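Single-structure report; data block below.
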Amino acid sequence: MSLSHWGPLLAGTFFLGLAACGTGVPGEPPGTGLAEVPSVCASVKKPEVRGLSQCGPLREFIPINRYQGEFSDVIQDREDAVVLIDGRCTGTLIEASAGPVVVTAGHCARLGDRALLVFNFEEASDGDPLVTEGSVIEQSLEPDYALIQLDVLPAVRPVLLTTRPTERLAIIQHPRGLPKVIAEGSFVASCDRQLYYSDLDTLVGSSGAGVLNRQGHLLGIHTDGDCDSFGCGTNRGWTLESIVEASSYLQSGDIAER
């Protein structure tokens, strides 16, 4: 698709890009605005188009089974819980007192929908592929989340929920419905029930993917891409804390400071 198709998105996210890449004053180096968390929160503008963005100078998606980065000590124990939903979104099987359930973005599903879920869709898959269906039992746009109860549970360990951000974050995802990859980035801010992170690539299809802290626990759900074509700006999602507060299925005891 040509760059002209993304013109409205790039224009709409330019102001937020300035917040993450500096104040916009000529000659000021990129990145100086990141330390000013209040300015990041104050400058947030919701994009008209969801899901598209490249944060950072390069698009750095690493196939999950070739990843050897900072999160290597926890990722291999978490990635099996990540699932492709209807070929167009990503979700994560999470631990809950009422039973494991897949969490994804609310704009990926409607209440009562039947979803097709594919586990271990990977380059050189190292797990047992499982294709199953599930029912959307909760759905909301603020916070932007949905819960899917599976017909068949995979033989994988569900991911635990957390309220604790770390300096580095990671997202395991299916961008554009492709085999599973991972991208890393930096925590920027948490405000108004949402998380903001920079230099952490996502694309259409990454919606609903879990935002993991350094311990590999689920901190939030990725929902929106707010970066421009230069990699400036922040991507964002909703905190798991806000999702648990809104949910009747998830309970306060399902989330903790880990």
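Side notes on the structure shown:
- Check on Asp151, more than 19 Å from the chain's Cα centre (by Cα), under 24 Å from Gln251 (Cβ atoms) and in contact (Cβ under 8 Å) with a residue 12 or more places away in the chain: yes
- Where a residue in region 122-135 is under 23 Å from Cys108 (Cβ atoms) and free of Cβ contacts under 8 Å to residues at least 60 places away in the same chain and its partner, wherever it lies, is among the acidic types (Asp, Glu) and open to solvent by 80 Å² or more (accessible area, probe 1.4 Å), with Cβ under 7 Å and at least six apart: Thr132/Asp151; Glu133/Asp151; Gly134/Asp151
- Test: residue in region 102-120 that is open to solvent by 20 Å² or more (accessible area, probe 1.4 Å), free of Cβ contacts under 8 Å to residues at least 40 places away in the same chain, aliphatic (A, V, I, L, M) and more than 16 Å from Tyr145 (Cβ to Cβ): yes
- Some residue of region 214-223 being more than 20 Å from Glu70 (Cβ to Cβ) and either more than 10 Å from the chain's Cα centre (by Cα) or at pLDDT 90 or above (or both): yes
- Output for region 104-138, where each listed residue is of a type in the set (D, E, K, R) and modelled with pLDDT under 95: Glu122, Glu123, Asp126, Asp128
- Filtered residues of region 123-137 (kept if assigned to a strand (DSSP E or B) and either among the charged types (D, E, K, R) or open to solvent by 80 Å² or more (accessible area, probe 1.4 Å) (or both)): Val131, Glu133
- Qualifying residue in region 243-256 (condition: modelled with pLDDT under 90 and of a type outside the set (Ser, Thr, Tyr)): yes
- The set of residues in region 82-92 that are touching a strand residue (DSSP E or B) at 6+ places or on another chain (Cβ under 9 Å), surrounded by fewer than 24 Cβ atoms within 10 Å (Cβ to Cβ) and of a type outside the set (Asp, Glu) contains only Gly87.
- Members of region 138-155 that are buried (at least 24 other Cβ atoms within 10 Å of the Cβ) and touching a helix residue (DSSP H, G or I) at 6+ places or on another chain (Cβ under 8 Å): Asp144, Tyr145, Ala146
The values are calculated or read from the model by the stated rules, or taken from the named source; none is laboratory data. Source: prediction; values computed, not measured. Cβ atoms come from the backbone with ideal geometry, glycine included; neighbour counts cover every protein chain shown. Calculation scope for accessible area: heavy atoms of the full protein, side chains included, ligands and nucleic acids excluded. Shrake-Rupley method; radii C 1.70, N 1.55, O 1.52, S 1.80 Å.
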